[in-house]
Amino acid sequence: MIPKIRKTGLRNLLFHFPPLAYYVLVSFEGGNPAEEAKLVGDAEEVGRYVSLAVRSLEREVLHEVLQDLASDAEFAAAVYNDLSRDVLQKSAEHWEAAAIFAKYLFGELEPHTSFVRCMELNEFKSLCELVGVKLEMLREMKLVFVTWDSVTEKYMACSPVWLRKAVETISSLASFNEGEEALKIVEDFVAKLFNNPRGYAAVRSDVFKDVPVIPLDVLIGQVVELPGVFNGKRVNPLLRERIKRLIFSIEGKRVAQGELDPEFGVYVDGDVVYAPVPEAVGHKVVRKYHGKKIDALARWRVEAERYKPYLAPYGISILPPGG
């Protein structure tokens with residue numbers, strides 16, 4: 001029987017051995033440490049031992065220890081140093097994958113528990129395909145692990161929150177430049193999509209992380225995918241800022257007054273908020289500007305008539321062209 005380890009002893013042990021802390025976290029969050037250890041290149045027995053140890057310990061004690069480590073700046077530095085050594089021993093492809101994860105993918109994950117940020121596994125795989133990163137490589141570097149969420153009954157891809165400092169450091173050092181031809185393709189895609197409200201809304205809602213008040217299936221048009229740019233649900237994170245600037249450029253010409261709110265791409269003029277397109281009125285926009293008058297600008301008169309019943313309950317006006 002594994003002897004009971006006191007909280008302080010356990011904390012000190014994990015503090016000095018970040019890889020062991022990682023396997024403990026994987027087990028604590030419902031993952032399989034043996035499977036992750038095999039991918040990393042460690043002995044599967046290490047993972048199995050960790051699973052056994054975690055089951056023998058009081059969950060409250062583990063929670064306190066992990067919480068302590070997650071908020072410890074020195075531990076965050078130790079994790080970064082361990083990650084750096086690990087990545088430097090691997091291929092250039094691994095380094096690029098780590099850099100893309102740090103700069104673009106970590107922020108896409110949503111807070112799931114106190115210790116991890118997660119995304120549904122298949123959705124994360126699709127995102128990895130968009131940016132050209134192999135999920136297995138991220139797991140090999142202990143950046144991501146797979147777990148089962150008993151609440152949603154789905155597999156999740158998760159990353160420790162204690163990676164935040166490492167992610168910020170790597171992100172500040174990483175730089176990716178798209179070629180002129182690739183950027184021209186993105187520019188043409190967004191420009192043509194503007195007159196396809198449903199397709200434009202699908203892209204815009206992911207760029208600004210806000211769901212339109214008008215249901216997607218009510219909007220005119222259809223969702224359009226573009227390999228490497230948009231998969232029908234998510235924009236390639238490497239291109240998000242570029243696409244956001246293109247949206248500002250296109251929509252800014254439609255608004256005669258007001259100051260741009262870059263968070264959501266709407267324009268504020270005193271007590272009036274102008275949404276440059278109807279799909280720019282998202283639920284977060286409504287909450288943020290509660291108490292202000294919100295006017296949505298329709299592209300065509302048919303939009304004003306079609307979308308009015310969906311905006312009126314929120315007290316939002318939709319103005320036809322020239323109105």
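Just a few scattered comments:
- FRET E, pair Val61, Tyr155, Förster distance 22 Å, beta-carbon r, rounded to 0.05: 0.20
- Förster-model FRET efficiency, 45 Å R0, Asp68 and Val302, C-beta, rounded to 0.05: 0.15
- P(r) tail, region 263-323: Cα-Cα pairs separated by more than 13 Å, 55% of all pairs.
- Inter-label distance for Glu123 and Glu259, nm, one decimal - labels placed 7 Å from Cα along Cα-to-Cβ: 3.4 nm
- Against the compact-protein benchmark of 2.2 N^0.38 Å, the Cα-based radius of gyration of region 117-226 scales to 1.32.
- Calculated [θ] (222 nm, deg cm²/dmol) that DSSP helices of n ≥ 4 give over the chain, each run adding -39,500 (n - 2.57): -15000 deg cm²/dmol
- Dipole-positive endmost among Val277, Leu173, Met137 within the chain (Cβ charges, Cα centre): Val277
- Cα gyration tensor shape for region 70-109, rounded if a/c is under 1.5, else prolate or oblate: oblate
- Alpha carbon centroid spacing (whole Å) that separates region 22-39 from region 304-322: 51 Å
- Each semi-axis of the equivalent ellipsoid for the chain is √(5λ) with λ an eigenvalue of the Cα gyration tensor; in descending order they amount to 44, 22, 17 Å.
- Between the listed residues Tyr267, Phe208, Trp300, the Cα displaced farthest toward the positive end of the dipole of region 197-312, a dipole computed from Cβ unit charges relative to the Cα centre, is found at Phe208.
- Each principal axis of the Cα atoms in region 147-302 has its own extent, and those three values, largest first, are 47, 42, 31 angstrom.
- Dipole of the chain [Lys/Arg +1, Asp/Glu -1 at C-beta], most positive-end residue of Leu57, Ile250, Ser84: Ile250
- Think of each Lys and Arg Cβ as +1 and each Asp and Glu Cβ as -1; about the Cα centre, that makes the dipole of region 19-67 roughly 80 debye.
- C-alpha center-to-center spacing [region 86-113, region 270-302] in angstrom: 36 Å
- Shape of region 221-323, Cα gyration tensor, a/c cut at 1.5: prolate
- These residues, Leu183, Leu219, go from largest to smallest accessible area, 1.4 Å probe, as Leu183, Leu219.
- Using only side-chain charges placed at the Cβ, +1 for Lys and Arg and -1 for Asp and Glu, the dipole size of the chain relative to its Cα centre rounds to 580 debye.
- Nearest-0.05 FRET efficiency for Lys184 and Lys134, computed from C-beta distance (R0 30 Å): 0.60
- Under the criterion of Cα pairs below 8 Å and six or more residues apart, the relative contact order for the chain equals 12 percent.
The values are calculated or read from the model by the stated rules, or taken from the named source; none is laboratory data. Quantities reported herein were computed from a predicted structural model and do not represent experimental measurements. FYI the Cβ positions are ideal-geometry reconstructions off the backbone, even for glycines, and counts take in every protein chain you see. Heads up: the accessible areas ignore ligands, DNA and RNA and are worked out on the full protein's heavy atoms, side chains in. Shrake-Rupley method; radii C 1.70, N 1.55, O 1.52, S 1.80 Å.
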